[in-house]
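Working notes, structure below.
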Amino acid sequence: MEKQKNAVGRRKEAVTRVFISKGDGKITVNDKNYKEYFPLVYLQNQVEAPLKVSETAGKFDIVINAQGGGLKGQAEAIKLGIARALLEVNPDFRPVLKAAGHLKRDPRGVERKKFGHKKARRSFQFSKR
């Protein structure tokens, strides 16, 4: 692999572009180290998950552009993007990544607000008098 591969990951409103190339394992999100960008450990684990499953941790440099959504949505979008980028590098990773569930795009989004309600499902407070 002489040039970098790229893929897109999405979750809720978050969209991430993942660029993967041979290297020593640096992961950068929006020009910051991913451990600095995601202070919570479980979000860092989301980002690392496809690399651990495919046993490629420390073999690729990954540069990520993340936009929209919150930190959790971005972390899950990055997980999907890294998994897709690893498939571009080596299609043999497909069974392992698929078994771990990293190739599924989570379709859930925000439910719309209904009229006559305060939020999507929450009603206005009821008072008998």
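Hey, can you tell me all the residues within the range 5-33 that are in contact (Cβ under 8 Å) with a residue 24 or more places away in the chain and over 16 Å from residue 80 (Cβ atoms)? Working first, answer last.
Taking the range 5-33 as the starting set, the residues that turn out to be in contact (Cβ under 8 Å) with a residue 24 or more places away in the chain are 5-30.
Result: 21, 22, 23, 24, 25, 26, 28, 30.
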Residue satisfying condition, being at pLDDT 95 or above and in contact with a strand residue (DSSP E or B) (Cβ under 7 Å, 6 or more places away or on another chain), within set 8, 41, 89: 8
Members of the range 34-70 found to be of a type outside the set (D, E, K, R), exposed (fewer than 14 other Cβ atoms within 10 Å of the Cβ) and either touching a Cys at 6+ places or on another chain (Cβ under 9 Å) or over 20 Å from residue 93 (Cβ atoms) (or both), listed by number: 39, 40, 41, 42, 67, 70
Options 55, 36; residue that is free of Cβ contacts under 8 Å to residues at least 12 places away in the same chain, over 12 Å from the mean Cα position of the chain (by Cα) and not in a helix (DSSP H, G or I): 55
Check on residue 73, part of a helix (DSSP H, G or I) and touching a residue at least 40 places away in the same chain (Cβ under 8 Å): yes
Test: residue in the range 109-122 that is surrounded by 15 or more Cβ atoms within 10 Å (Cβ to Cβ) and free of Cβ contacts under 8 Å to residues at least 24 places away in the same chain: no
Qualifying positions in the range 20-33 - surrounded by fewer than 16 Cβ atoms within 10 Å (Cβ to Cβ) and either outside any loop (DSSP other than H, G, I, E, B) or not charged (D, E, K, R) (or both): 22, 23, 25, 30, 32, 33
Hits in the range 85-107 (condition: part of a loop (DSSP other than H, G, I, E, B) and surrounded by 13 or more Cβ atoms within 10 Å (Cβ to Cβ)): 102, 103, 106
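The values are calculated or read from the model by the stated rules, or taken from the named source; none is laboratory data. Note that this is a predicted model, so its numbers are computed, not measured. Cβ: placed from backbone, ideal geometry, glycine included. Neighbour counts: every protein chain shown.
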